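Scroll down for the structure; my scribbles are underneath it.
The values are calculated or read from the model by the stated rules, or taken from the named source; none is laboratory data. Because the structure is a prediction, the values reported are computed rather than measured. Neighbour counts run over all protein chains shown; Cβ positions are idealised from the backbone, glycine included.
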Amino acid sequence: MIIRKLFKFENAHIVRGCSSVKCRSSIHGHSYKVEVLFESNYLDNGQMVYDFGLMKQNIKDLIESFDHAITLWNGDDAEYIADMKKHSHRWVELPVSPSAEQFARVIFVLIDILFHLTKGINGEKEVKLHSIIVHETDTGYAQAFREDAYNAQMGQITLEEIVFSDEVLNSFNDRSLLEKLKAGSEFINPESV
């Protein structure tokens, strides 16, 4: 069985190297919709694959880190990156260009690592992240599966190269969330509210 939870965020970016002149040369934004899909052949003690309420915690923080932020590619022009960081409190720097495809891969990696470090408390069994769908527009989306997220041919994604501004980190329920992910710290699901 597959379950899905929808999240939304507003974000600005430039996607260097794309075929559209507007897209590769001008800062622009989108109203993104992100679908997180989990799968399992089992149900937990509440007869669910995974409690949707649990997704309102760290998973939501990771996705909302992109909300009202500018996303930067660390391979872009250094002066541009410095100027964007200077003039925006909320920014995220990635090791890949911020296309819908790469957003799907980055979000997959973040949630996959979090999920592997999270200990369930309600009989969750063999639940795994199925895929991430990122809708950049109403008519276009990218869907990343495990083989896409960890495919070095599409650009290596490491937690060490994902950088959140202080303003983003301060918006997390746990400001040290990213550092805990990097350290491989265990997370225990609290009861859902």
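Data overview
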item: Search result, residues across region 18-35 that are surrounded by 13 or more Cβ atoms within 10 Å (Cβ to Cβ) and aliphatic (A, V, I, L, M); result: VAL34
item: Residue match in region 63-76 (condition: of a type in the set (Val, Ile, Thr), modelled with pLDDT under 95 and farther than 23 Å from SER185 by Cα); result: no
item: One residue from GLU101, GLU124 being assigned to a loop (DSSP other than H, G, I, E, B) and not β-branched (Val, Ile, Thr); result: GLU124
item: Sole residue being surrounded by fewer than 14 Cβ atoms within 10 Å (Cβ to Cβ) and among the hydrophobic types (A, V, I, L, M, F, W, C), chosen from ILE70, ILE2, ILE63; result: ILE2
item: Some residue of region 87-108 being of a type in the set (A, V, I, L, M), modelled with pLDDT of 95 or more and farther than 21 Å from ASN151 by Cα; result: yes
item: Odd one out for MET48, checked against (1) closer than 30 Å to HIS87 by Cα; (2) touching a strand residue (DSSP E or B) at 6+ places or on another chain (Cβ under 9 Å); (3) not in a helix (DSSP H, G or I); result: (1)
item: Check on ASP112, in contact with a strand residue (DSSP E or B) (Cβ under 7 Å, 6 or more places away or on another chain), in a loop (DSSP other than H, G, I, E, B) and among the acidic types (Asp, Glu); result: no
item: Pair list, Cβ under 6 Å, 6 or more apart: region 39-58 residue more than 16 Å from ILE188 (Cα to Cα), other residue of a type in the set (Asp, Glu); result: SER40/GLU126; TYR42/GLU126
item: Matching residues, region 136-160, being surrounded by fewer than 14 Cβ atoms within 10 Å (Cβ to Cβ) and acidic (Asp, Glu); result: ASP138, GLU147, GLU160
item: Matching residues, region 132-150, being outside any loop (DSSP other than H, G, I, E, B) and either among the charged types (D, E, K, R) or more than 23 Å from LYS180 (Cα to Cα) (or both); result: ILE133, VAL134, HIS135, TYR141, ALA142, GLN143, ALA144, ARG146, GLU147, ASP148
item: Number of positions in region 16-59 that are of a type in the set (Val, Ile, Thr), closer than 22 Å to VAL168 by Cβ and either modelled with pLDDT of 95 or more or over 21 Å from the mean Cα position of the chain (by Cα) (or both); result: 3
item: Flag for GLU124 being surrounded by 16 or more Cβ atoms within 10 Å (Cβ to Cβ), farther than 25 Å from ASN11 by Cα, out of contact with any His (no Cβ under 8 Å at 6 or more places or on another chain) and at pLDDT below 95; result: yes
